[in-house]
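Read the structure below first, then the notes.
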Amino acid sequence: MAVNSNNIEIGEGDLSLKYEGEAAATDVGGCSDAELDIKVKNLSVEVGQLIDPVDNFMTGREINFSITMKEDTMRNFVIAAGGDPEDIVVAAGEEQYDFPANSVSTSPYAELIYKVSRVRNKLKFRTLTLWKVKALGGIKYAYNKNKEVMYKVTFTAFADSAHAGSPGKMERDPLV
């Protein structure tokens, strides 16, 4: 078996999010445990004359990106809670976020960019871009002297009509 160790990658990267109406993506700061999870639904086509399927079609896909944000900023708190960072109010040097009171609400879409430098050349990157994601809201906020505050967040990608329905892309700079 031929093995090319140049193709073996490890390491974590930087997460930036650009919410609707923002001019540029904002780095969320320290984070860990990033994971891309792609689930595919398939339909096997069977005919009565044969015991094996004759074809298979992809009929659905769900793309989730999970990460733990380690920096306790108001922006990260609001994102993890499924809120809109635009709803953070700064007055007299204090930040405030009022939880929405609507009986039904939705969170805004964001563009997610996760950039990981290559192990053998730190100027080359693997970059995941999901053009239209929403944070699945829900957090546990630890008020504990023996535990750091962190936000475990899962973002779900949605089809983006601005990119012919594609939810995103993965790019990898070649090492050469």
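Taking the range 10-53 as the range and being of a type in the set (D, E, K, R), under 20 Å from Thr68 (Cβ atoms) and part of a loop (DSSP other than H, G, I, E, B) as the test, only Glu12 passes.
For the range 34-59, the tally of residues that are surrounded by 12 or more Cβ atoms within 10 Å (Cβ to Cβ) and either touching a residue at least 40 places away in the same chain (Cβ under 8 Å) or closer than 30 Å to Val149 by Cβ (or both) stands at 2.
With respect to the conditions (1) touching a residue at least 40 places away in the same chain (Cβ under 8 Å); (2) in contact with a Phe, Trp or Tyr (Cβ under 6 Å, 6 or more places away or on another chain), Thr68 falls short on a single one, namely (2).
Picking from residues in the range 123-134 that are farther than 17 Å from Ser166 by Cβ and of a type in the set (D, E, K, R), the one that is surrounded by the most Cβ atoms within 10 Å (Cβ to Cβ) is Arg126. On inspection, Leu36 qualifies as touching a strand residue (DSSP E or B) at 6+ places or on another chain (Cβ under 9 Å), under 21 Å from Tyr109 (Cα atoms) and among the aliphatic types (A, V, I, L, M).
Values in this text are rule-based calculations from the coordinates and carry no lab data. On a predicted model such as this, the values are computed, not experimentally measured, just so you know. Methodologically, a virtual Cβ is constructed for each residue, glycine included, from the backbone with ideal geometry; neighbour enumeration extends over all protein chains shown.
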